[in-house]
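Q: Next up is a structure, given as structure tokens.
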Amino acid sequence: DENGVMTVSDSFVGQAVLRVRAGGSEKSFRIVSTQRPYDPNAYPYSETVVRDNTVVVDMYSHSDGISKAKSYVRINGKKYDMSSAEETEKNHIRASFAPEDFDGENYKILTVTVLNNGYSNVEKLSELSENEESRFTDMPGHWSDKTVSYMNKMGVVNGYDENGESLFKPDGAVTRAEFAIMAINTLGIDTASYENADLSFFNDVGSIPDWAYKYVAAAYDNGIITGRKETDGLYFAPDAKITRAEAAAIISRLLPGELDTTVPEFGDSADIPSWAKKAFKTLSSAGIISGYCDLTVKPNNRVTRAEAVTMLFNAF
């Protein structure tokens, strides 16, 4: 209306795109309404706030106890468990974290709450400084600029040095080997012990580049990437361009179980491979992927470098 307030009917079920224009710029927001009955017995929830460079996390449940052993907080890539959390009341625990390098201005916090019955919830809180300069000369003005700069700072992804310039090439495709490296770096897995790992069960082990070998081994050992099954055996296909469906499946299998996956169908749901359907529902409900403005997810499209970094940023 004239006051800038959008009202959605309580009978609305489905998806829509809200486009906002101001100062010559346009931004689109995807709106999803499922009218799913709220079941307080199924899913937990959490609240995460930053106060004076301290992260305060509250985890709640209406009916079941919260597993301190399985619940955790990941702050700027570092994982903290909830073993020392205080139970302030029934089915409510609280913990505070003050990492030495946390400045309260440029951060990503992932809160994973898991109940004793297995149901779980994932929430992300991030603040990417608008004052930080782009780390790559081809990124200013790109929609993923701040995310890419942050992930580069965290050591997840690097760029290219060409003709004296530092480039990221955000719209370039990502190979399966490159995605394995990004995923391992995001999770902070030490690859030192995988230098001489045996990957001979891959029929194409000889095509795995030396620079990616230990990352591929770590990805396989940790269940991140399992390979492609063909009629004559298992292949890793390191140089193949990874698809959005493959990336979604890889990320979803690393998330906690029993997440709420009740979301509306995408416009191109029929194009999603059967083995990736649950992955897209899980990642969509967890806010890890949002699809395109036309309400599609384009599952068979190649993942761009910017998309890969953003998916990983949202997930871990």
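The values are calculated or read from the model by the stated rules, or taken from the named source; none is laboratory data. Remember, it's a predicted structure, so these values are computed and weren't measured experimentally. Here the Cβ positions follow ideal geometry from the backbone for every residue, glycine too, while neighbour counts run over all protein chains shown. Quick note on the areas: whole protein, heavy atoms, side chains included, nothing else; ligands and nucleic acids left out. Shrake-Rupley method; radii C 1.70, N 1.55, O 1.52, S 1.80 Å.
Q: Out of the range 300-316, which residues are farther than 15 Å from residue 287 by Cβ and of a type in the set (Val, Ile, Thr)?
A: Answer for the range 300-316, where residues must be farther than 15 Å from residue 287 by Cβ and of a type in the set (Val, Ile, Thr): 303, 304, 309.
Q: Which pairs have Cβ atoms under 6 Å, sit 6 or more apart or on different chains, and link a residue in the range 48-59 that is closer than 13 Å to residue 126 by Cα to one that is open to solvent by 50 Å² or more (accessible area, probe 1.4 Å) and outside any loop (DSSP other than H, G, I, E, B)?
A: Partner pairs satisfying both residue conditions: 48/125.
Q: In addition: So, restricting to strands (runs of 3 or more DSSP E) that lie completely within the range 86-189, which ones have at least 3 residues that are surrounded by 13 or more Cβ atoms within 10 Å (Cβ to Cβ)?
A: 92-97, 107-114, 120-127
Q: Separate question: Any idea how many residues of the range 71-85 are within 26 Å of residue 151 (Cβ to Cβ) and either of a type in the set (Ser, Thr, Tyr) or part of a loop (DSSP other than H, G, I, E, B) (or both)?
A: Number of matching residues: 6.
Q: May I ask you to list pairs of residues, at least six apart or on different chains, whose Cβ atoms are under 8 Å apart, with the first in the range 73-95 being in contact (Cβ under 8 Å) with a residue 12 or more places away in the chain and closer than 30 Å to residue 152 by Cβ and the second being open to solvent by 30 Å² or more (accessible area, probe 1.4 Å) and among the polar types (S, T, N, Q)?
A: Between residues of the range 73-95 that are in contact (Cβ under 8 Å) with a residue 12 or more places away in the chain and closer than 30 Å to residue 152 by Cβ and residues that are open to solvent by 30 Å² or more (accessible area, probe 1.4 Å) and among the polar types (S, T, N, Q), the close pairs are 95/84.
Q: Taking the conditions exactly as written (exposed (fewer than 15 other Cβ atoms within 10 Å of the Cβ), in contact with a Gly (Cβ under 7 Å, 6 or more places away or on another chain) and in contact (Cβ under 8 Å) with a residue 12 or more places away in the chain), does residue 287 satisfy them or not? Explain how you work it out, then say what you get.
A: Numbers: exposed (fewer than 15 other Cβ atoms within 10 Å of the Cβ): yes; in contact with a Gly (Cβ under 7 Å, 6 or more places away or on another chain): no; in contact (Cβ under 8 Å) with a residue 12 or more places away in the chain: yes.
So residue 287 fails the test.
Q: Hey, another quick one. Just checking, how many residues over the range 237-277 are surrounded by fewer than 16 Cβ atoms within 10 Å (Cβ to Cβ), under 16 Å from the mean Cα position of the chain (by Cα) and over 22 Å from residue 126 (Cβ atoms)?
A: Residues that pass the stated criteria total 2.
Q: Spot the failing condition for residue 126; the list is (1) over 30 Å from residue 85 (Cα atoms); (2) touching a Phe, Trp or Tyr at 6+ places or on another chain (Cβ under 8 Å), and only one is missed.
A: (1)
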